[in-house]
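One structure below.
The values are calculated or read from the model by the stated rules, or taken from the named source; none is laboratory data. Because the structure is a prediction, the values reported are computed rather than measured. Because the Cβ atoms are built from the backbone with ideal geometry, glycine has one as well, and the counts that use them run over all protein chains shown. Surface accessibility is based on the protein's heavy atoms, side chains included, excluding ligands, DNA and RNA. Shrake-Rupley method; radii C 1.70, N 1.55, O 1.52, S 1.80 Å.
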Amino acid sequence: MDYFGDGSRFGVNIEYYFEKEPLGNAGALFKIRDRLTSDFLLLNADAVFDVDFRRFVEFHKSHGGLVTLFTHPNSHPYDSGLIIADDNGAVNKWLAKKRTTARPIIKNRVNAGLHVMSPKVLDMSGIDAKAVGTVGGDGKPFKVDLDRQLLKPLAGTGKMFCYDSPEYVKDMGTPERYYSVCADYKAGRVTGKNLKNKQRAVFLDRDGTINKYVGFLRNIDDFELIDGVCEAIKKINESGYLAVVVTNQPVVARGEVTFRELGVIHNKMETLLGEKGAYLDAIYFCPHHPDKGFAGERIELKIDCDCRKPKPGMLIKAAKDFNIDLSRSWMVGDGKNDIGAGKMPDA
Ligand SMILES: [Zn+2]
């Protein structure tokens, strides 16, 4: 407060709300409810971040939810609260940190602690603002927990969305994490990953590059990581480059794997990588194939598309989505198609 004051020195307005008694991490919102006249950003204070808020807020507005969570993959999904969403980003489930299933196959997607929120969420919660902070029958003041009481109940209602972003958001809540965040800051990795800035990526082929080549992979049990892949992808994660998978999956057009099954295979890939501390920033796949006339095929996918490698469609889509400078990025693969896609000039 001594440093920032009312913010006028920085061209902003800062107001403070003090809790006489700790009210839980969302109790204060009820005390300042009359000041919350439109959708607002709620940001956890024990994280270091540098994100393109304009982009985040635009996503929130265009999806029309009451809450948008800023989500990202992390290096320890096995003990994180994972978020399951549909293809449009609507949150269906929010899993507890401690899980009973030994190895659930789930996408690596974690709430980073940045939120866009409508004040309606407070009104809908059924929590009486006057009761917050008052001492109940158990002799304890009534507190409000953000995740448990306000956000998690919105899972599955279609009113909460998640915004996947590879930007830098990291907890600095322990001395070890604090020093790691400081090192990232000095190396330029915090600001560098803001999507306002041009990104660099290592594009990775899937079959034969990340997982053992078994021909057309149709069965999830055949998906096994190649030795050393976790360590390699971890190095990409630590380098500040994005790790982006671009894979041809004609098995979908052939009718041998459904979109849903392919999604589960990719969740297995993320789960296996996550167990060793590695993560992917995005996965793009081409479900098409140009040759028609086979039994069981999905005719609508039998097209001469722009995304099947060696065409660079997936790389160009990723470049658009994440502001990637393709001329400063790399393509890693085990086939001529990969080399071809990597060689194509920027479009
Ligand atoms: Zn395609």
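Filter segment 50-88 down to residues that are closer than 24 Å to ASP145 by Cα, over 14 Å from the mean Cα position of the chain (by Cα) and in a strand (DSSP E or B), then give me how many there are.
So the answer is 1.
Kindly check whether there is at least one residue in segment 282-295 that is closer than 27 Å to LEU225 by Cα and more than 12 Å from the ligand (Cβ to nearest atom).
yes
Kindly indicate whether ARG328 is more than 21 Å from the chain's Cα centre (by Cα) and not small (Gly, Ala, Ser).
Considered against the rule, which asks whether it is more than 21 Å from the chain's Cα centre (by Cα) and not small (Gly, Ala, Ser), ARG328 comes out as yes.
Among the candidates LEU41, LEU122, LEU114, single out the residue that is touching a Phe, Trp or Tyr at 6+ places or on another chain (Cβ under 9 Å), touching a residue at least 24 places away in the same chain (Cβ under 8 Å) and open to solvent by 20 Å² or more (accessible area, probe 1.4 Å).
LEU41
Return the residue satisfying two criteria in turn: it lies in segment 135-182 and is in a loop (DSSP other than H, G, I, E, B) and among the hydrophobic types (A, V, I, L, M, F, W, C), and of such residues it is nearest to VAL116 (Cα to Cα).
For segment 135-182, the residue satisfying everything is ALA155.
Within segment 185-203, is even one residue closer than 23 Å to LYS235 by Cβ, among the small types (Gly, Ala, Ser), open to solvent by less than 70 Å² (accessible area, probe 1.4 Å) and not in a loop (DSSP other than H, G, I, E, B)?
There is at least one residue in segment 185-203 that is closer than 23 Å to LYS235 by Cβ, among the small types (Gly, Ala, Ser), open to solvent by less than 70 Å² (accessible area, probe 1.4 Å) and not in a loop (DSSP other than H, G, I, E, B).
What number of residues within segment 223-237 are in a helix (DSSP H, G or I), among the β-branched types (Val, Ile, Thr) and over 12 Å from GLY274 (Cα atoms)?
Result for segment 223-237: 1.
When segment 204-224 is examined, which residues are found to be open to solvent by 50 Å² or more (accessible area, probe 1.4 Å) and among the basic types (Lys, Arg)?
Correct list: LYS212, ARG218.
Which condition number does THR134 fail, the rest of (1) touching a strand residue (DSSP E or B) at 6+ places or on another chain (Cβ under 7 Å); (2) in contact (Cβ under 8 Å) with a residue 12 or more places away in the chain being met?
(2)
If you take the residues of segment 336-347 that are away from the ligand (no atom under 16 Å from the Cβ) and either closer than 20 Å to ASP207 by Cα or in contact (Cβ under 8 Å) with a residue 24 or more places away in the chain (or both), which of them is least open to solvent (accessible area, probe 1.4 Å)? Break it down stepwise before answering.
Here is the first cut: in segment 336-347, the residues away from the ligand (no atom under 16 Å from the Cβ) are 336, 339, 342-343, 345-346.
Filter once more, keeping what is either closer than 20 Å to ASP207 by Cα or in contact (Cβ under 8 Å) with a residue 24 or more places away in the chain (or both): 336, 339, 342-343, 346.
Details: LYS336: 179, ILE339: 100, GLY342: 45, LYS343: 159, ASP346: 90 Å².
Within segment 336-347, the match that is least open to solvent (accessible area, probe 1.4 Å) is GLY342.
Could you list all residues from segment 155-176 that are open to solvent by less than 60 Å² (accessible area, probe 1.4 Å), at negative phi and at pLDDT 95 or above?
Within segment 155-176, ALA155, MET160, PHE161, CYS162, TYR163, SER165, PRO166, GLU167, TYR168, VAL169 meet the criteria.
Of all residues in segment 259-272, how many are open to solvent by 60 Å² or more (accessible area, probe 1.4 Å) and within 16 Å of the ligand (Cβ to nearest atom)?
Adding up the residues that qualify gives 1.
Taking segment 11-30 on its own, how many of its residues are part of a helix (DSSP H, G or I) and either over 31 Å from the mean Cα position of the chain (by Cα) or on the phi > 0 side of the Ramachandran plot (or both)? Steps first, please.
Residues of segment 11-30 part of a helix (DSSP H, G or I): 27-30.
Then keep just the ones that are either over 31 Å from the mean Cα position of the chain (by Cα) or on the phi > 0 side of the Ramachandran plot (or both); that gives none.
Of the residues in that region, 0 qualify.
If we scan segment 238-257, do we find a residue that is open to solvent by 20 Å² or more (accessible area, probe 1.4 Å) and assigned to a helix (DSSP H, G or I)?
Yes, there is a match, as at least one residue in segment 238-257 is open to solvent by 20 Å² or more (accessible area, probe 1.4 Å) and assigned to a helix (DSSP H, G or I).
Name every residue in segment 296-328 that is aliphatic (A, V, I, L, M), touching a residue at least 12 places away in the same chain (Cβ under 8 Å) and open to solvent by 60 Å² or more (accessible area, probe 1.4 Å), in order of residue number. Let's see the steps before the verdict.
Let us first name the residues in segment 296-328 that are aliphatic (A, V, I, L, M), namely 299, 301, 303, 314-316, 318-319, 324, 326.
Retained after the next criterion (residues that are touching a residue at least 12 places away in the same chain (Cβ under 8 Å)): 301, 303, 314-316, 318-319, 324, 326.
Of everything in segment 296-328, just one residue is aliphatic (A, V, I, L, M), touching a residue at least 12 places away in the same chain (Cβ under 8 Å) and open to solvent by 60 Å² or more (accessible area, probe 1.4 Å), namely ILE303.
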